[in-house]
Every structure is written in structure tokens, then in C-alpha cells.
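*Asks:* Can you read through this structure? Questions will come right after.
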Amino acid sequence: MANENLGAARKAKFDEFYTQYKDIEKEMNAYLDYDKDVFRDKTILLPCDDPEWSNFTKYFAQNFERLGLKKLISTSYAPDSKPKELDLQLSLFETQNPKFDKMKARSSGKIYTLTRDTTGDKKTNVEDLEWEYLDGDGDFRSAEVTALRDEADVIITNPPFSLFREFLEWTTSTKKSFVIIGSTNAITYREVFPLFKENKMWFGNGFTAGNAYFASPSTREYAAGVADSNTGLIKFRNVVWLTNLDHGRRHDELTLMTEADNIKFSKHKTVKGIGYPTFDNYEAIEIPFTDAIPSDYSGVMGVPISFLSKYNPDQFEILGLAAGNIRGLAGIPSKINKDGPYVGGKLKYGRIFIKHKKAK
């Protein structure tokens, strides 16, 4: 149900899912543990955000001094650019502020910036955020938000699910550092997988136990995967952090058994006592589970797409991807059937083809 909800939300262009503070903190800590100065003297842009609801701005504003930030920029969409069914009301924060403009309040996005202590309490934090109306509605594709992207060093956000492809291209075309949330299904997109293959993007540290919980102002049926009747949080299993910032988990070596030991001791009945079949239309062996990868096989192996959550670039080389809907793209020779790789004449699930960098 959770995965169906995400697909339905994307189709309906419903993008109001707010990330929990603790999940943002956990993810950023993974980069800080690997490099304590990863954000120091950096300008961070949080596009597609809404500081009055979102926790991204709150986290980085509250930790501005600890992280050593140079500047924090956050932009939000105009209320009128969001689904009318939400009927979003203007907050007291805005309507009681001297900057309130009744004409702009519905049609213009807002920009929040943080660079210094404005309250005189000798601290730079969320209380020092300054804001203005944007000229446009806050769309990341606009010239004014794109100019902010070009100013920034790091782009961090939960982008609109319905615009993920466009947002990723908008982000990666600049070679900026980024940490964004996306669907695992995006891995098979024509525009996305080459980034993994070329080591330009990888999974982040991840949500706890692979479960992502988001707050949402909607109770519409395509967002009905409510995990907790008290909090109203919506659970998704197929949502991940995607980044080009390094973290320690990315370099954890996957512990594996030899081919002989897998055949003798594997917990998987399709491997134990059987071994590994070969693909009919590509010279590689089929590996049905990531933990069944043989440590001593030096040839090409077709592994599940979920392998990417365990991928260590020091241990493996990614050769390409093949699946029914992508027809052997990204480096896999044309001998792969247009419908994907086969074993025993049967169509398999999408497979990533890899090799050990040094088989043991």
C-alpha cells in the first residue's frame, strides 16, 4: 500500500509530504561523522521548502553556528501554486508581519535567508531568519530560484515527487553537492542510473529500517498509508536519500561467502545445492539476492536493483543495468533482449550488472 500511495501521489501531482526533523538530523549526522567540516563555510539552498511547515529550514537554522554555515537560503512555493484541495491558509507569522502584502501572499513564493544575528542575543539561529516575497511563485525552474541555485554550494531538500526528474537534472547539471529525497523506482530512469554508474550519485545513509514517515496536510485516498492514527504520519518503503556527499556507510565492505560456500550453506533455496544459472542472452551469472553474491567470482554478475543500497565503490564496479522497461541501456551490450535479461527462457526482474574489483 505504501508504495502504491507514492505512485498515486506522483500521478496526481500531490507533493505535500513533510520530512521529520529526526530523519533530517540522522541523515546529516552521517555526513558530519565522515567529515565534520562538510558544511563549513558553505551556502546551503533549501528549494521547494516551506519553513512554516518544513523541518529542513528549522534544522539548518538551529544548527547554523555548529555547522559553521556561511549562508542559509530557503524558498517556498506560493499557496496558489499548490493543489486547491489543500485550501492552505496564511499563517499568523505572515499576516501579522509588517512585510505582509495581501496581493503577493497568495501568488508569490517566499525566500528566507540567514547569515547573522539579527536579534542581538549573540546567537545565529532560527530566530534570525529574514524573509521577503519572491517575484514569482517559488518554482525551482524559475530564473530567480535558479540564480540562488548557482549561488549555493549545497542543495538539500525533499523535492516534489511529481517533478523529480526535472529537479534532479536541475540540480546535477551544476555539479553542486546535493542531498535530496527520491523514490527507489527512480534508479531505473534513463536520466538517473548513469549517475550511479559514473559514481556521481549514490544512496545516502538512509531512513531507519528503510521506513520513511512523512507528515501531510492531506487525507486524500492516494495518501492514505497512515502509519499512526495519532500522528497521521504516512509511511513509505520505497523512499531513499540520494546524494553525492560521502559518508561512512558507503564504504562498508559487504561480507560475502565464496561460491562453493553459498552453494553449500546459503539460506536461499534457489541457491543452496543449486548454484547460479547463467543468462541466456548475456554472459553473466544470475544472483537472486545481494547476500548471495559469491566473493570469489571474477566474472560479470546480474544482481537485484536493491543491491545499490549495499554498493561499495571500493569493492564493486557497476557495468550497467537491464530491465524490461529500459531495454539494456547504460553500457549493457545489445545482445540483451529488448525486454531484458532472461534465465531459462523466462524474463527476470531488472538487474544491475557488476564485477568485483578484486575477487577474493
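*Asks:* Extending each Cα 7 Å along its Cβ direction at Lys264 and Leu347, get the distance between those two points in nm, one decimal.
*Replies:* 3.9 nm
*Asks:* How do Ser216, Ser107 line up, fewest other C-beta atoms within 10 Å first?
*Replies:* Taking fewest neighbouring Cβ atoms as first place, the list is Ser107, Ser216.
*Asks:* Rank the residues Trp202, Trp170, Trp241, Trp53 as a footprinting-exposure proxy: fewest other Cβ atoms within 10 Å of their Cβ go first.
*Replies:* Least crowded to most crowded, the residues run Trp53, Trp170, Trp202, Trp241.
*Asks:* Would you please give the FRET efficiency between Glu253 and Thr118, computed as 1/(1 + (r/R0)^6) with r the Cβ-Cβ distance and R0 = 51 Å, to the nearest 0.05?
*Replies:* 0.60
*Asks:* If you filter segment 151-209 for trypsin sites (Lys or Arg not before Pro), then keep DSSP loop positions with at most 10 other Cβ within 10 Å, what is left?
*Replies:* Lys175
*Asks:* Ok, one more. Cross-link partners among lysines for Lys235, C-alpha distance below 20 Å, same-chain residues fewer than 8 apart left out?
*Replies:* Output for Lys235: Lys11, Lys13, Lys22, Lys26.
*Asks:* What distance in nm separates the two pseudo spin-label positions at Ala105 and Glu65, each 7 Å out from Cα along the beta-carbon direction?
*Replies:* 3.4 nm
*Asks:* Would you mind ranking Phe178, Phe265 so that the residue whose beta carbon has the fewest other beta carbons within 10 Å leads the list?
*Replies:* Result, fewest neighbours first: Phe265, Phe178.
*Asks:* Oh, and also: Return the sequence-ordered ³J(HN,Hα) values of segment 272-277 in whole Hz as given by the Karplus equation 6.51 cos²θ - 1.76 cosθ + 1.60 applied to θ = phi - 60°, using x for Gly and Pro.
*Replies:* Whole-Hz 3J(HN,Hα) from phi for segment 272-277: 4, x, 10, x, 10, x.
Just so you know, all these numbers are worked out from the coordinates, no wet-lab data involved. Because the structure is a prediction, the values reported are computed rather than measured. Every residue, glycine as well, gets a Cβ built from its backbone with ideal geometry; the counts of neighbours run over all protein chains shown.
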